[in-house]
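Enquirer: Here it is, the structure in full.
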Amino acid sequence: MNKIFAIAGLAIRTAVRSRVFIWLMILLVSAIIVLPLILKGDGSAAGRAQVLIHYNLRIIAIILTLATVWVACGSVSTEIRDRHIHLLVTKPVSRLQLWLGKWFGILCINAALLSIGGGLTYGLLLWETREGVLTEEDRATLAEEVFVARRPFYAETKSHDSIATETLEALMVRGDIPENMPAQRAYKTIKRFYQLRENSVLPGTVKEWRFELPMNMGPDEDVILRYRFSSSRQAQRRSTAGMWTAGRKNDLAPFRHRHASYPGGAHQFTVPRAAIPDDGVLYVKYMNAETKYPATVVFDGNSAVTILANSGSFSMNFLRAMLVLFIRLAFFASLGVTAGSLLSMPVAVFLSFFVLSLSSFGDYIASVASTGLFYIPHHPEHVEPTTFLNTIAQSFFKCMNVVSSPLARLDPLESLPSGLLISWAFIAESILFLLIIYAGLSAVLGVGCFNRREVAL
Amino acid sequence: MIEGGTGKDPVIIAEGLTKVFRDFWRRPKVRALDSVSFQIQKGEVVGLLGPNGAGKTTAIKLLLGLLHPTRGLLRVLGRSPRHVKSKERIGYLSEESFLYDHLTAEETLDFYGRLFDLGRNIRKERINQLLEMIGLKHARRRAIGEFSKGMARRIGIAQALINDPELMVLDEPTSGLDPIGCREVKDLILTLAKRGKTILLSSHLLADVEDVCDRIIILYNGRVCASGTVQNLLEDQTACRLTMPSLSPDTLKEVLEIMRQKIGNTPDVDRPQKDLEQFFLEVVQKAQEVAAVKTGVDKSAGVAGYLAREPERTGKTVLDELIEK
């Protein structure tokens, strides 16, 4: 370990003395101070706090990720370019120790900078929402909506696989499936039809959800019901009146909430503890009560209606978010060190930025991986260009999706500003995917190839 | 036959060593070494000579595991040169001082000491002795980037000695050094050789090699062209030289006359000259006695204690003794 620490120490010294560390710190502090002056939010105290958390932490993550990739790519490749490596590898240091030392050094720099950035953001948040600056009402709203850590509970969903299969078979027998439409695409379309039908609430009709909440909830632990929907009158920007009720299966009397809300955005209201049965099984019903401008309402997807229950403090949630950001940086550091061990600095940086960009285009990559590059969804003749090129493109995007999917999914900044809990399970998943599997594979590949590399060519 | 292959305790064994450099498409580009075979025995000081591009540096890089041989067998201290264990007993001085500019002299030596897993106290003691030996004790907290080429070279020598190595590989060890530095390096090599260390050095300066080496290997175009002990290779068997105190003109005339009668012709007579290096060293030594050096390199304090100590007396290295303490 002494050798690894020696190499890590050297990486830290290099960062500090080459002023990389100082410039990054200046950049971070400037961004943290300047951003709140530019960003205004939606005018509410809660909105302002959410914007502050989201954008400040996002900019910290972006700056540190870019810097990590740059420094990591250079950590070994510049050693080779400047021939410092000649003295390093002629000492009793294995390539694994060299790789680990460089990686560990970058992690230490990241830990320091992330602590400074995160600490400043948290301090700024407390400062901007301190007593005397905001009204008691605003502070209460903040405590209710932002400075919380709520665990989301999702309703049970019905599987449409069997009915979609049966329908597809029936349609095929009747010859109602277009000739050039693959069965897989027809199946997906049919399944999607059933899902939309299940999630649609026509005017005057009712939809019900079943939630299983913890049984040991405290007597004062109210929960939040958060929902988002789309409407058949969405383009007209009209609100839709609805009636929400919650309680036992056949007794929804304990709670009623009537509300006219606009489609598109997220809405929420509090469901009192008294409405939640002791066994934790909560039934929620929505009645489409719009009479003036009747419209069909669609609650699409599993997360369209969620119950949020308090689960720990905001400060701990903030710390967990920092930890996940650190794990993401550890992955990018490993990627950079590996790329720098095998390639020259410019090529290593190019490759690493390519992987980094995958995390930003996760949705697009997932969609191409699923449908292919040239899918034309509304083509009048259902033309399916299943060319060789499309197959190649789809396979390529599937491979990219393997990397981009966890990177896009394991992003703590999607949850923290909304007051959603970043659970230990989420952290464990981040460690498993980003640190153990991806960073581990990157390390194995990097050390393996670096071992075989002639560093004095 | 393998050159130098008669000893029982080989430190380096190279048999049919070949190195071919290839281009991006793996097509052969240059054959830097071609079936080179030699052995270096424990305690030998061997010089690797040759013109530019002869393959000296390639051979050294192969010995250190920086390059991998295309063909042939290579063993250093009984192991593959890429084995980490064998590197614990090697000291390497590269052709140029590839040191970290932002580290101070002390930090540099401490860093390399840590790579050998040396304890804090041993490192501290050795760093002090080495800095004194190379005359840079006063500059221990200056960054290497501020050093002259010669000063950086001295730090390079010190880092190669931090582990008290059994085998030293020195690539152009006197490059960039002033004549005093060159003399000190040569003295150091001789001291280390006395302690039973094995030294392989490559140099363009033939006089340096002649001064310190027991044996030389001359490479040309990737092949061994000549090899053997310095004495055997350089001795002129067709002539001999007499050296005597200065004679009066009459006595000299008589001596020459006798010799002319005995050998048939008159031998050449001249006065022996000091070489320039020796003269320079004497001048600087006198100057140092008058005024202390304020910048650059101090007067060397001789070879570092742990390097100069005779191992035969105790059979232990300084490292062993310090651990026992």
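Enquirer: Hey, what did the range B:13-132 get for relative contact order, percent, Cα under 8 Å, at least 6 apart?
Expert: 21 percent
Enquirer: Hey, another quick one. Do the sum for chain A: with -39,500 (n - 2.57) for every DSSP H run of n ≥ 4, divided by all residues, what is the mean residue ellipticity at 222 nm, to the nearest 500 deg cm²/dmol?
Expert: -18500 deg cm²/dmol
Enquirer: With all protein chains present and a 1.4 Å probe, how do B:208, A:300 order by accessible area, largest first?
Expert: Correct descending sequence by accessible area is A:300, B:208.
Enquirer: Run through every distinct alpha carbon pair of the protein assembly as shown and return the Kirkwood hydrodynamic radius in angstroms, one decimal place.
Expert: Hydrodynamic radius (Kirkwood, Cα only) of the protein assembly as shown equals 33.1 Å.
Enquirer: Once you've got the GNM for chain B with C-alpha springs shorter than 10 Å, pick whichever of B:66, B:170, B:77 has the biggest mean-square fluctuation.
Expert: B:66
Enquirer: Mind listing P(r) for chain A? All alpha-carbon pairs, 20 Å bins, whole percents.
Expert: 20, 45, 30, 5, 0
Enquirer: Rolling a 1.4 angstrom probe over the protein heavy atoms, how many square angstrom per residue are accessible across the range B:10-324?
Expert: Accessible area per residue, the range B:10-324: 52 Å².
Enquirer: When the accessible area of the protein assembly as shown is computed with all protein chains present and a 1.4 Å probe, what percentage of it is carbon and sulfur?
Expert: Ligands and nucleic acids excluded, carbon and sulfur reach 57 percent.
Enquirer: Tell me, what is the per residue accessible area of chain A in Å², probe radius 1.4 Å?
Expert: Per residue, chain A has an accessible area of 49 Å².
Enquirer: Per residue of A:81-88, what is the mean number of Cβ atoms on other protein chains within 10 angstrom of that residue's Cβ?
Expert: 6
Enquirer: I've got another one for you. Using a 1.4 angstrom probe and counting only protein chains, how large is the accessible area of residue B:138 in Å², to 10?
Expert: Around 80 Å² of this residue is reachable by solvent.
Enquirer: How much net charge surrounds residue A:3 when only other residues with a Cβ under 14 Å from its Cβ are counted (Lys, Arg +1; Asp, Glu -1)?
Expert: Residues close to residue A:3 contribute a combined charge of +4.
Enquirer: Also, quick follow-up: Can you tell me the order of B:87-97, B:181-191 when each peptide is scored by its average per-residue count of other Cβ atoms within 10 angstrom, highest first?
Expert: The most tightly packed comes first, giving B:87-97, B:181-191.
Enquirer: With solvent modelled as a 1.4 Å probe, how much accessible area in total do chains A and B shield from it at their shared surface, in Å² to the nearest 100?
Expert: Accessible area lost upon association: around 2900 Å².
Enquirer: Okay, moving on. Summarise the long-distance tail of P(r) for the range B:155-256 by giving the % of C-alpha pairs beyond 18 Å.
Expert: 60 percent
Enquirer: Starting from the 7 Å offset along Cα-to-Cβ, what nm value, one decimal, do you get for the label separation of residue A:392 and residue B:207?
Expert: With each label point 7 Å from Cα toward Cβ, the separation is 6.7 nm.
Enquirer: Quote the relative contact order of chain A in percent (integer), defining contacts as alpha-carbon pairs under 8 Å separated by 6+ residues.
Expert: Normalised by residue count, the contact order of chain A is 22 percent.
Enquirer: Give the separation of the Cα centroids, the range A:396-457 to the range A:276-304, in Å.
Expert: Taking the Cα centre of the range A:276-304 as reference, the centre of the range A:396-457 is 37 Å away.
Enquirer: Moving on to the next point. What range in chain A is the longest one free of GluC sites (Glu not before Pro) that are in a loop by DSSP and have at most 14 other Cβ atoms within 10 angstrom?
Expert: With GluC sites (Glu not before Pro) excluded where exposed in loops, chain A gives A:180-380 as its longest stretch.
Enquirer: Then there's this: Residue A:173 to residue A:18: extension gain in nm, 0.36 nm per residue of separation minus the Cα-Cα distance?
Expert: So the extension gain works out to 48.6 nm.
Enquirer: Still on this structure: Could you pull out the pairs from B:149/B:186; A:102/B:19; A:249/A:292; A:188/A:292; A:91/B:149; A:102/B:87 whose alpha carbons sit more than 25 Å apart here?
Expert: Violating the 25 Å Cα-Cα cut-off are A:102/B:19; A:249/A:292; A:188/A:292.
Enquirer: Using the alpha-carbon atoms, what tilt in degrees (0 to 90, nearest 10) does helix A:345-360 show relative to the longest principal axis of chain A?
Expert: Roughly 10 degrees between the two axes.
Enquirer: Residue by residue through the range B:127-140, which ³J(HN,Hα) values in whole Hz follow from phi under the Karplus form 6.51 cos²θ - 1.76 cosθ + 1.60 (θ = phi - 60°), with glycine and proline marked x?
Expert: After applying 6.51 cos²θ - 1.76 cosθ + 1.60, I find 4, 4, 5, 5, 5, 5, 4, 8, x, 10, 5, 6, 10, 5 Hz.
Enquirer: Using 0.36 nm per residue, how much length does the chain from residue A:154 to residue A:238 gain when fully extended, once their Cα-Cα distance is taken away?
Expert: 27.5 nm
Enquirer: To continue, here is another question. Quick query: amide H of residue A:420 versus all other amide H atoms, modeled in the peptide plane; which residues come in under 5 Å with a sequence gap of 5 or more or a different chain?
Expert: A:150
Enquirer: Another question, if that's okay. Which order do A:55, A:194 take when ranked by solvent-accessible area (1.4 Å probe, heavy atoms of all protein chains), largest first?
Expert: A:55, A:194
Enquirer: So for the range B:10-324, considering every pair of alpha-carbon atoms, how many percent are separated by more than 27 Å?
Expert: Above the 27 Å cut-off, the range B:10-324 has 52 percent of its Cα pairs.
Enquirer: Give me a single rounded figure for A:2-9: the average over its residues of other chain Cβ atoms within 10 Å of their Cβ.
Expert: 3
Enquirer: Read phi for every residue in the range A:68-84 and hand back ³J(HN,Hα) as whole Hz from Karplus 6.51 cos²θ - 1.76 cosθ + 1.60, θ = phi - 60°, with x for Gly and Pro.
Expert: 4, 4, 5, 5, 5, 4, x, 4, 9, 5, 6, 4, 6, 4, 8, 6, 4
Enquirer: Moving to a separate point now. Find the eigenvalues of the gyration tensor of the Cα atoms of the range A:208-247, then list the square roots of 5 times those eigenvalues as equivalent ellipsoid semi-axes, largest first, in whole angstrom.
Expert: Semi-axes from the Cα gyration tensor: 31, 11, 9 Å.
Enquirer: Another one. Using a Cα-Cα cut-off of under 19 Å, which lysines could be cross-linked to residue B:286, ignoring same-chain neighbours fewer than 8 residues away?
Expert: Hits, sequence-local ones excluded: B:274, B:294, B:299.
Enquirer: Let me confirm one metric for peptide B:99-106, namely the mean number of other chain beta-carbon atoms within 10 Å of its residues' beta-carbons.
Expert: Mean number of neighbouring Cβ atoms from other chains: 3.
Enquirer: Please check: in the Gaussian network model of chain B (C-alpha springs, under 10 Å), which one of B:46, B:209, B:20 has the largest mean-square fluctuation.
Expert: With Cα springs under 10 Å in chain B, the top fluctuation among B:46, B:209, B:20 is at B:20.
Enquirer: Sorted by average packing, counted as other Cβ atoms within 10 angstrom per residue and highest first, what order do B:120-128, B:48-56, A:98-106, B:157-165 take?
Expert: Packing order, densest peptide first, comes out as A:98-106, B:157-165, B:48-56, B:120-128.
Enquirer: May I ask which residue of A:53, A:288, A:90 lies farthest towards the positive end of the charge dipole of the protein assembly as shown, with charges of +1 (Lys, Arg) and -1 (Asp, Glu) on Cβ and the Cα centre as origin?
Expert: With unit charges placed on the Cβ atoms, the residue in question is A:288.
Enquirer: Quick check: the distance between the Cα centres of the range A:1-19 and the range A:121-156, to the nearest angstrom?
Expert: 40 Å
Enquirer: Got a sec to turn the phi values of the range A:282-296 into Karplus ³J(HN,Hα) couplings, 6.51 cos²θ - 1.76 cosθ + 1.60 with θ = phi - 60°, whole Hz, x for Gly and Pro?
Expert: Ordered by residue, 3J(HN,Hα) equals 10, 9, 10, 10, 10, 10, 6, 9, 6, 10, 6, 10, x, 8, 7 Hz.
Enquirer: Sorted from largest down, give the three principal axis spans of the alpha carbons of the range A:154-310, whole angstrom values.
Expert: Ordered largest first, the range A:154-310 gives principal extents of 60, 38, 25 Å.
Enquirer: Loop-only trypsin sites (Lys or Arg not before Pro) in the range A:243-272, please: DSSP not H, G, I, E or B, and at most 16 other Cβ atoms within 10 Å.
Expert: Loop-located and lightly packed - A:249.
Enquirer: Now, a different point. Quick check: convex hull of the Cα atoms in the range B:1-115, volume per residue, rounded to a whole Å³?
Expert: Per residue, the Cα convex hull of the range B:1-115 comes to 145 Å³.
Enquirer: Roughly how many nanometres apart are two label points built 7 Å out from the Cα toward the Cβ at residue B:149 and residue A:212?
Expert: 7.7 nm
Enquirer: Sticking with this structure for a sec: Identify the chymotrypsin sites (Phe, Trp or Tyr not before Pro) of the range B:1-87 meeting these criteria: DSSP loop state and at most 13 other C-beta atoms within 10 Å of the C-beta.
Expert: B:24, B:25
Enquirer: Let me ask something else. Relative contact order for chain B: what is it in percent, counting Cα pairs under 8 Å that are at least 6 residues apart?
Expert: Here the relative contact order equals 22 percent.
The values are calculated or read from the model by the stated rules, or taken from the named source; none is laboratory data. Bear in mind that the values here come from a model prediction, so they are computed numbers and not experimental data. Ideal geometry is used to build each Cβ from the backbone, glycine not excepted, and the neighbour counts take in all protein chains shown. For accessibility, only protein heavy atoms count, side chains too; no ligands or nucleic acids. Shrake-Rupley method; radii C 1.70, N 1.55, O 1.52, S 1.80 Å.
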